[in-house]
Number of protein chains: 2
Amino acid sequence: MNAPVGVSTTPEATRGEQSVTSDVTSDDTAAAETRPGRRSKAPATIYDIAKLAGVNPSTVSRALSKPGRINVKTEERIHAAAKELNYRLNPMARALPTGRTNTLGLLLADITNPMFFEVVRGAERAASRRGYTLILAESQESGEREAEAAERVSPSVDGLVLVTTRLGDEKIQEFAERKPLVVINRQVEGVHGIVPDLEPGIDEALAHLAELGHTALAFLSGPANSWMSRARWDALLAKAPGLGMTIVEIGPGVPTLDGGRDALSRVLASGVTAVLAYNDLMAIGLMRAAQEQGLVVPGRLSIIGFDDIFGSDFTSPQLSTIRTPLGDIGERAIRLTLELIDEYAEGTPARVDASPLPTELVVRGSTGPIQP
Amino acid sequence: MNAPVGVSTTPEATRGEQSVTSDVTSDDTAAAETRPGRRSKAPATIYDIAKLAGVNPSTVSRALSKPGRINVKTEERIHAAAKELNYRLNPMARALPTGRTNTLGLLLADITNPMFFEVVRGAERAASRRGYTLILAESQESGEREAEAAERVSPSVDGLVLVTTRLGDEKIQEFAERKPLVVINRQVEGVHGIVPDLEPGIDEALAHLAELGHTALAFLSGPANSWMSRARWDALLAKAPGLGMTIVEIGPGVPTLDGGRDALSRVLASGVTAVLAYNDLMAIGLMRAAQEQGLVVPGRLSIIGFDDIFGSDFTSPQLSTIRTPLGDIGERAIRLTLELIDEYAEGTPARVDASPLPTELVVRGSTGPIQP
DNA sequence: AGTGTTTTGGCAACCGGTTGACAAACCCGC
DNA sequence: GCGGGTTTGTCAACCGGTTGCCAAAACACT
């Protein structure tokens with residue numbers, strides 16, 4: 001009844017009224033000058049270029065983004081005009097009709113966690129290689145804020161990467177069906193995920209501890225909803241008994257220095273001689289707390305972290321840790337996201353690179369022979 | 001001669017052909033369902049809402065962004081429709097006519113430097129409080145890449161913050177006249193800058209060292225084009241002699257662990273007993289190199305860093321350092337940028353908060369009495 | 001010279017919002 | 001019941017690009 005039907009428009013106003021003067025072969029240098037006003041410069045548009053080069057705006061558009069589509073001579077003229085006007089494309093104007101922003105969102109739980117350094121580096125590398133810009137957002141380890149951030153960022157990116165997300169599976173799946181999405185350090189039904197291969201690192205770590213004579217281990221687990229914490233625990237649980245070692249889980253805990261500190265009393269009470277912590281931050285926190293109590297590491301307690309973050313070799317003793325190939329993970333996540341975008345746009349099925357991303361043990365000073 | 005003049009258009013195609021069925025008071029819940037297809041959901045637009053609510057799109061626009069402009073009854077109906085369609089505004093479409101993206105760019109030299117943690121945190125806090133989203137970009141300590149990043153990010157943000165930029169003054173001024181721009185840790189003629197007040201921290205540090213008996217100091221300087229490195233050196237140079245101490249500059253060096261390491265031989269050769277490094281990373285690098293040579297810190301060499309970054313208390317001994325209020329700096333930079341944006345848009349002159357951002361000495365273990 | 005084919009460039013619609021201008025509808029007091 | 005002032009909602013232009021369609025121009029080949 002009230003649907004707007006067949007509205008007719010009056011003729012469109014003339015967009016470019018002829019600017020009589022300004023001979024095309026203008027006074028070269030003088031052109032760029034900006035007189036007084038405040039921050040004057042209204043950036044040049046393709047319409048300005050078109051006028052200057054004496055062609056249609058659509059021709060400018062093509063000359064600039066479809067090399068070869070246009071006569072070489074014209075193309076050159078247009079490029080010259082663009083340079084003269086110091087033209088730069090308006091990404092929003094381009095995004096509107098095409099729906100592509102050439103931008104990817106990377107959501108981190110906590111910028112303050114050095115774990116993300118290499119992920120970001122790797123991601124940035126892969127993205128810029130393909131001409132994409134990354135936009136980083138932080139969720140402060142809160143699922144709610146993360147959902148909000150994803151919501152906010154989502155409309156202006158072509159794809160999303162969630163790093164060690166705190167979101168629930170359903171929420172993730174929901175986002176995944178709106179946009180190409182990849183999760184890092186997590187596996188969710190129907191969603192692409194990039195996870196390291198824990199096995200080699202864990203095998204080495206367990207062998208290393210066994211060799212040092214440890215038989216009673218503890219795992220300091222991370223947040224209860226952390227997929228990766230669970231994965232690490234599951235792997236340890238599966239392997240340790242086979243080597244004749246006992247292992248207990250202590251946690252969950254917050255994945256920070258304080259989370260590690262807070263676990264000390266439970267660690268001591270458990271009577272174990274070696275601890276694997278969910279991540280390096282917790283390992284370091286635990287180590288510092290132990291040292292403050294006068295306990296010597298590794299004499300009294302051997303400690304192993306996960307990830308090999310920046311700073312894990314600042315401590316004394318330096319931290320032994322199971323290194324995760326974070327840079328590769330970030331890089332691969334972006335590459336996969338890009339594949340998904342192509343798949344969505346062009347129908348070419350994404351090839352997913354399934355080669356393993358192995359972890360490895362880095363032996364430093366925080367592990368040692370069991371006290372006689 | 002070839003200017004396009006007075007083009008007339010044919011009637012605009014009907015945007016919304018009446019979708020006969022779908023009674024407005026639709027089957028509530030059932031509506032959201034998405035059938036098969038690939039990632040189907042084409043997001044709802046204000047046109048969809050308009051159709052559903054039986055009003056004009058412009059009314060929808062106003063209902064959504066100008067509360068009060070529209071009859072309460074209609075507004076409610078529109079909000080209901082928006083909710084039902086799970087509408088979310090397309091930021092690009094909004095940005096195009098208004099020229100405002102509600103987005104700010106933050107350019108960092110190196111994400112890997114923990115110095116930026118708190119800056120980013122503070123900035124994020126201030127930005128999101130005002131409904132702005134931050135875009136982080138990294139320049140990897142290269143002026144060229146930084147210019148490129150600024151160039152790339154600039155068109156899609158309302159303002160820019162440069163943190164310890166490696167750009168030249170002219171380049172910075174150039175960007176500043178295109179967009180509201182604030183620099184952190186730098187002062188440039190005609191550009192707004194946020195810098196900490198070095199004096200208190202440096203005074204305390206010098207007094208502390210004097211008290212410990214040191215009389216021969218060195219400053220490990222950072223990159224040659226670092227304004228902040230120069231500022232720190234200048235302040236030290238101005239103060240040290242007055243306290244009866246000698247001071248030499250060793251540098252320039254790269255502002256990383258390795259930069260600090262590499263300076264060791266020159267430090268030892270200089271015969272000083274205490275060193276202030278351009279930043280904590282260099283200080284830690286130097287300390288570690290010294291310890292590897294069997295030199296005891298602080299016995300043989302006292303070391304002070306700058307900034308108090310994450311991890312500066314991981315070392316042993318823990319690093320004494322001159323703390324910079326990084327979070328406040330990030331926060332204030334964003335607030336100022338926002339003021340500049342308002343000034344530009346509404347002409348209300350920006351009020352700049354000029355209260356000092358004092359540094360302070362944090363005494364930990366890396367400084368001690370001079371060896372007898 | 002005449003016809004067929006390929007290039008080249010212009011036209012106008014479109015992406016999804018915002019906004020100035022204006023007219024219709026409503027409200028008011030007298 | 002009427003003039004004047006407000007509200008409310010519609011119209012259409014606009015932001016700055018992209019792109020399908022098409023006609024004109026250029027080129028090729030008999």
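Quote the total accessible area buried by chains A and B together, excluding ligands, DNA and RNA, probe 1.4 Å, nearest 100 Å². Buried area between the two chains comes out at roughly 6100 Å².
Given B:Tyr47, B:Ala289, B:Ser270, which one lies farthest toward the positive end of the charge dipole of chain B, if we put +1 on the Cβ of every Lys and Arg and -1 on the Cβ of every Asp and Glu? It is B:Tyr47, whose Cα lies furthest towards the positive end.
Over all projection directions, the Cα-based convex hull of chain B averages an area of 28.3 nm². Distance between the modelled labels on B:Leu357 and A:Arg100, one decimal in nanometres: 4.0 nm (7 Å Cα→Cβ projection). Near A:Leu134, the amide H atoms lying under 5 Å from its own belong to A:Leu104; only residues 5 or more places off or on other chains count, and H is placed 1.01 Å from N. Here's the list of lysines a cross-link from A:Lys73 could span, going by alpha-carbon distance under 28 Å and ignoring same-chain residues fewer than 8 apart: A:Lys51, A:Lys83. For the peptides A:160-166, A:124-130, the ranking by packing is A:160-166, A:124-130, with the highest mean count of neighbouring Cβ atoms within 10 Å listed first. Each semi-axis of the equivalent ellipsoid for the stretch A:115-273 is √(5λ) with λ an eigenvalue of the Cα gyration tensor; in descending order they amount to 34, 17, 14 Å. Counts of other chain beta carbons within 10 angstrom of each beta carbon in peptide B:90-103 average 4. Take the stretch B:163-249 with all the other protein chains still there, run a 1.4 Å probe, and you get 39 Å² of accessible area per residue. Think of it as helices only: each DSSP H run of n ≥ 4 in chain A is worth -39500 (n - 2.57), and spread over all residues that comes to -12000 deg cm²/dmol at 222 nm.
Taking the Cα centre of the stretch A:41-90 as reference, the dipole from Cβ charges on Lys and Arg (+1) and Asp and Glu (-1) amounts to some 100 debye. For the stretch A:358-369, 3J(HN,Hα) computed residue by residue from phi via the Karplus equation (6.51, -1.76, 1.60; θ = phi - 60°) reads x, 8, 8, 7, 10, 8, 10, x, 8, 10, x, x Hz, glycine and proline entered as x. For the stretch B:198-324, rounded, prolate or oblate, judged on the Cα gyration tensor with a ≥ b ≥ c (square roots of eigenvalues), a/c < 1.5 rounded, else prolate if a/b > b/c? Rounded, since a/c falls under 1.5.
The equivalent ellipsoid of the stretch B:142-211 has semi-axes of 32, 12, 10 Å, largest first, where each one is the square root of 5 times an eigenvalue of the Cα gyration tensor.
Taking a temperature of 25 °C and a viscosity of 0.890 mPa s, what whole-number D in µm²/s does Stokes-Einstein yield for the stretch A:41-90 with Rh from Kirkwood over alpha carbon pairs? Once the numbers are plugged in, D ends up at 235 µm²/s.
What whole number of Å gives the distance from the Cα centroid of the stretch A:283-314 to the Cα centroid of the stretch B:329-345? Their Cα centres are 42 Å away from one another. Residues whose amide H lies under 5 Å from that of A:Ile322, counting only those 5 or more places away or on a different chain, are A:Gly305, A:Phe306, A:Asp307, A:Asp308, A:Val362; hydrogens are built 1.01 Å from N in the peptide plane. Separation of the stretch A:79-153 and the stretch A:175-251, taken as the distance between their Cα centroids, equals 30 angstrom.
Peptides A:231-242, B:54-65, A:251-262, ordered by how many other C-beta atoms sit within 10 Å of their residues on average, highest first, read A:251-262, B:54-65, A:231-242. Magnitude of the charge dipole for the stretch A:225-275, about its Cα centre and with charges confined to Cβ atoms of Lys, Arg (+1) and Asp, Glu (-1), is about 100 debye. Only one residue of A:Leu198, B:Ser156, B:Ile334 has its Cα farthest out toward the positive end of the dipole of the protein assembly as shown, where Lys and Arg carry +1 and Asp and Glu -1 on Cβ, and that residue is B:Ser156. Shielding by partners for peptide B:311-318, expressed as the average number of C-beta atoms from other protein chains within 10 Å of each residue's C-beta, is 5.
Per residue of peptide B:134-140, the mean number of Cβ atoms on other chains within 10 Å of the residue Cβ is 5.
When chain B is treated as a Gaussian network with alpha carbon springs shorter than 10 Å, the biggest mean-square fluctuation among B:Asp158, B:Asp353, B:Asp110 belongs to B:Asp353. Here the Karplus relation 6.51 cos²θ - 1.76 cosθ + 1.60, evaluated at θ = phi - 60°, turns the backbone of the stretch B:182-188 into coupling constants of 10, 10, 10, 6, 6, 10, 10 Hz, with x for every Gly and Pro. Given R0 = 25 Å, the distance between the Cβ atoms of A:Leu268 and A:Ala207 translates into a calculated FRET efficiency of 0.50. Calculate what fraction, in whole %, of the accessible area of chain B sits on carbon and sulfur atoms when a 1.4 Å probe is rolled over the protein chains. In chain B, the share of accessible area belonging to carbon and sulfur is 52 percent. Radius of gyration over Kirkwood radius for the stretch A:271-372, both on Cα atoms: the Rg/Rh ratio is 1.23.
Normalised by residue count, the stretch B:323-364 yields a Cα convex hull volume of 40 Å³ per residue.
Each of A:Leu85, A:Ala137, A:Leu107 was scored by the projection of its Cα onto the charge dipole of the stretch A:61-152, and the greatest displacement toward the positive side belongs to A:Leu85; charges sit on the C-beta of Lys, Arg, Asp and Glu. Amide H contacts for B:His214 (H built 1.01 Å from N in the peptide plane; partners 5 or more residues away or on another chain; cut-off under 5 Å): B:Ile370. Note on B:Thr74 and B:Tyr47: their simple-model spin labels are 2.1 nm apart, each label 7 Å out from Cα toward Cβ. About its Cα centre, the dipole of the stretch A:198-324 is roughly 280 debye, where the only charges are +1 on Lys and Arg Cβ and -1 on Asp and Glu Cβ. For an R0 of 45 angstrom, estimate the FRET efficiency from the Cβ-Cβ distance between B:Gln187 and A:Ser142 and round to the nearest 0.05. Taking R0 as 45 Å, the efficiency between B:Gln187 and A:Ser142 is 0.75. Pull out a ≥ b ≥ c, the square roots of the eigenvalues of the alpha-carbon gyration tensor of the protein assembly as shown, then state rounded if a/c is under 1.5, prolate if not and a/b is larger than b/c, and oblate in the remaining case. Here the protein assembly as shown falls in the oblate category.
The values are calculated or read from the model by the stated rules, or taken from the named source; none is laboratory data. Only a predicted model underlies this, so the values are computations on that prediction, with no experimental measurement involved. Positions of Cβ are generated from backbone atoms using ideal geometry, with glycine treated the same way; all protein chains shown enter the neighbour counts. Ligands, DNA and RNA are stripped out before the accessible areas are found, and what is left, the full protein with its side chains, is counted by its heavy atoms. Shrake-Rupley method; radii C 1.70, N 1.55, O 1.52, S 1.80 Å.
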